[in-house]
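Just so you know, all these numbers are worked out from the coordinates, no wet-lab data involved. Model, not experiment: these values are computed from the prediction. Methodologically, a virtual Cβ is constructed for each residue, glycine included, from the backbone with ideal geometry; neighbour enumeration extends over all protein chains shown.
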Amino acid sequence: MLITHDTECALSILVELLNTAPEVCGTELLPDVAALDAFVVRQEISEVDSLTEDDLRNVHRLRTRLREVFVTEGTEEASELINALVADAGTTPRLTNHDHHGWHIHYFAPHAALHDHLAAELGMALAFILTAAERDRLRRCEAPDCARVFVDLSRNRSRRYCDSRTCGNRLHVAAYRARQRSAEAVPSV
Ligand SMILES: [Zn+2]
Ligand SMILES: [Zn+2]
């Protein structure tokens, strides 16, 4: 698999960001600047200045564009969306080894606003996935009432649910109950 550790980290930020949307979980999980701040800290996003309401609005807007790339079927269409994202972000690749991390590339421009920072980094991660022909690893959860997304990094690409501890289990329980119900419905002879 040609997915690097850096790309994997970017994809985990992408997945968390997409799954904060109100259409995914019924409530906005990034409702205010404080929540956005916590997201930045949790995901260890570097070089972020103090955040404002503008940042919050712009990140919400970016989230919608990123979801489109994630769920769009055609590679041609996805590549156009990614190109636009990365171009709008003013990407400038540069080497860095900040905070005792090994050498890696930052794609966002120095002092970029958070939405441009994320568009550059997450857009490039999506570009790498596309060029590695691994787009089928970007999945929507198959649980019927779940709109969460995830990246399937399993060797055999067999993951179907966003989180096996919640959606997967919930479905197993539902299937078990359905089997029990249909067993009860069979008239005893
Ligand atoms: Zn870095
Ligand atoms: Zn799910």
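Points worth noting:
- Overall dimensions of the range 72-112 by Cα: Rg and Dmax, Å: 13.7, 39
- Working from label points 7 Å from Cα in the Cα-to-Cβ sense, the C9 to R61 distance is 2.8 nm.
- Cut-off 18 Å (backbone N to label point 7 Å along Cα→Cβ of T52), residues of the range 7-39: 32-37
- Rh by Kirkwood over Cα pairs, then Stokes-Einstein D for the range 84-166 at 1.567 mPa s and 4 °C, µm²/s: 87 µm²/s
- Share of alpha-carbon pairs per 5 Å distance bin for the range 1-71, given as whole %: 3, 15, 25, 27, 18, 8, 3, 1
- Each helix, a run of at least 4 DSSP H residues, gives -39500 (n - 2.57); summed and divided by the residues of the chain, these come to -16500 deg cm²/dmol at 222 nm.
- Here is the list for the range 66-167: GluC sites (Glu not before Pro) lying in DSSP coil, each with at most 13 other C-beta atoms within 10 angstrom of its C-beta, are E73, E142.
- Against the compact-protein benchmark of 2.2 N^0.38 Å, the Cα-based radius of gyration of the chain scales to 1.20.
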